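Written out below as structure tokens is the structure these notes cover.
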Amino acid sequence: MVTSGTWSSIGAAIESEESTFRTRQARSLELTREAREYLAGGVASSRQSTAPHPFWVDRGVGSRIWDQDGNEFVDLHGGHGAMLVGHSHPAIVRAGAERLGLGTHFGQPVPDAIVVARNLSERFGLPQWRFNSSGTEATHDAVRLMRAITGRRILLKTEGGYHGHHESVLVSLSNSGDELGPVSRPASPLSGAGVLREFADWTRVVPWNDLGVLESVLEECGDDVAGIIVEPILMNFGMVRPDPGYLEGVRALTRRYGCLLAYDEVKSGLVVDPGGATALLGVRPDIVCLAKAFGGGIACGAIGGTSEVGEFIASGKYLQIGTFNGNPLHMAMSRAALTEVLTPQAYATTYARTESLARTLGELLSASGRPGYVDSIGAKGMITFAPHRVATYRDFLSVNQEIGRLHWLFQHNRGVFMPPWGAGQPWLVSVQHTDEDLDLVAGNFEELVARMPKH
């Protein structure tokens, strides 16, 4: 239901919604100012710094969170897509509490590690696993493993793809169009301060969904290509599926040129399918990287690999180590998430809700006559405000960022917390969301499109 008149412009709408944001979250602003004395930028991570100011949380239960001002939100942000289990799930709380009483860190293996590794092996079809503590650590291991196993130097990655914040992959991440070079031979622009040009020189960039360019790069320098790392479903600039036959083609080319294929499933793993995009799309890599959703809400990470990859690690040729790898608390909460919470019935219900929400939002957007489309895969969904489907990073550069920003603010001010980068990051429906939660999202969106200016 429309509660106010149409805005004069998108800019005016953003200004109005930012004013409402500040009024509703005065305590968050106070905490930000206080934090700046001790925390760089007033936050614990750069990704927590969002305009008009950071959003400070108090607690979360089920599908909802509460901020420090007492405002209640349906949570579709999901801790950057990690909280597929929802907040404070009884099984997760019980597993964590029991483990806390028994000790949380010994630097030695615990039996839960076998349970978790077996479960992941069954889901992803890869037999050998090791644990770490984050998605960045997982992709770092994958890159180094590909180089160690092949004895080659060059890493391939897709344009605009995000794979953590280590040097080999902070290349062609969120760069402007004039830095990208020709489509037929993309450049490898640096995407972060402190990254040496020498690192980027060993990372070659290829466009997503373009087998021709990939093959030409492999033809040119295939004897020195260690492997390619890709998100099998891109989730850094919207949510972009592979074209039919693309991943099959990538797999065939890596085998022809003797290099390895690593999937970064930090965002898609366990979320788009119980076995991630690996199971959903049916093209198996040599290495898969996981984090976020399988940890049950705690810092987590893992790499899975073929028998050959596992043997290379087991032989001691590759040193895969970490003080907190496979720590008891991580393993206990992951075990509970994988065996008690993320069940076939929970997946079926959650996926049905996500699909229903996406369908409703798509119908509202279509009826409004505004350019854009809505997509969902598993528990993830995305509204893209563009007149065409995004297939590559270069397509994404034309997406209307202002409308994405307005949508985030509008939902936030009416009790829905979505990913702050509304134009680029999918939202997540957890196993604890209800139809009532998603009705609120749809109702807010209906009001938004009705109030937006026609021009």
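The values are calculated or read from the model by the stated rules, or taken from the named source; none is laboratory data. Computed from a prediction, not measured in an experiment: that's the story for all the values here. Reconstructed Cβ throughout: ideal geometry from the backbone, glycine too, with neighbour counts over all protein chains shown.
This table checks each residue for (1) surrounded by fewer than 24 Cβ atoms within 10 Å (Cβ to Cβ); (2) not aliphatic (A, V, I, L, M).
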position	(1), (2)
G101	yes, yes
G107	yes, yes
V110	yes, no
G135	no, yes
T158	no, yes
E167	yes, yes
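Scan region 198-217 for residues that are part of a helix (DSSP H, G or I) and in contact (Cβ under 8 Å) with a residue 60 or more places away in the chain and jot them down.
Here is the first cut: in region 198-217, the residues part of a helix (DSSP H, G or I) are 198-200, 211-217.
The answer is V217, and nothing else.
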Filter result for the condition that a residue is under 26 Å from T350 (Cβ atoms) and either in the same structural domain as V431 (by TED's automatic domain parsing) or touching an Asp or Glu at 6+ places or on another chain (Cβ under 6 Å) (or both), over G70, G79: G79
Quick one: count up the residues across region 394-446 that are farther than 17 Å from V57 by Cβ and without any contact (Cβ under 8 Å) to a residue 60 or more places away in the chain. 12
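Do we find a residue being at pLDDT below 95 and on the phi > 0 side of the Ramachandran plot anywhere in region 57-71? Quick ask: steps written out before the conclusion?
Of all residues in region 57-71, those at pLDDT below 95 come to none.
Checking region 57-71: not a single residue is at pLDDT below 95 and on the phi > 0 side of the Ramachandran plot.
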Within the set of pairs 6+ apart or on separate chains, which have a first residue in region 343-371 that is on the phi < 0 side of the Ramachandran plot, a second that is surrounded by 16 or more Cβ atoms within 10 Å (Cβ to Cβ) and among the charged types (D, E, K, R), and C-beta atoms under 7 Å apart? A358/D375; L364/E446
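Quick check on this structure: which one of V283, V272 is assigned to a loop (DSSP other than H, G, I, E, B) and either touching a strand residue (DSSP E or B) at 6+ places or on another chain (Cβ under 6 Å) or surrounded by 24 or more Cβ atoms within 10 Å (Cβ to Cβ) (or both)? First the steps, then the outcome.
Working: V283 fails: either touching a strand residue (DSSP E or B) at 6+ places or on another chain (Cβ under 6 Å) or surrounded by 24 or more Cβ atoms within 10 Å (Cβ to Cβ) (or both).
When all the criteria are applied, what remains is V272.
Condition check ((1) of a type in the set (V, I, T); (2) part of a loop (DSSP other than H, G, I, E, B)) across all residues:
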| residue | (1), (2) |
| --- | --- |
| F131 | no, no |
| H140 | no, no |
| I149 | yes, no |
| R152 | no, yes |
| G160 | no, yes |
| S174 | no, yes |
Answer with yes or no whether V115 is surrounded by fewer than 16 Cβ atoms within 10 Å (Cβ to Cβ) and either over 13 Å from M333 (Cβ atoms) or at pLDDT 95 or above (or both). no
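Taking region 401-440 as the search range and keeping residues that are closer than 20 Å to I14 by Cβ and among the small types (G, A, S), which one is modelled with the highest pLDDT?
We begin by selecting, within region 401-440, every residue closer than 20 Å to I14 by Cβ; these are 401-425, 427.
Keeping just the survivors that are among the small types (G, A, S) gives 404, 415, 422-424.
Numbers: G404: 91, G415: 98, G422: 60, A423: 60, G424: 77.
Top of the filtered list is G415.
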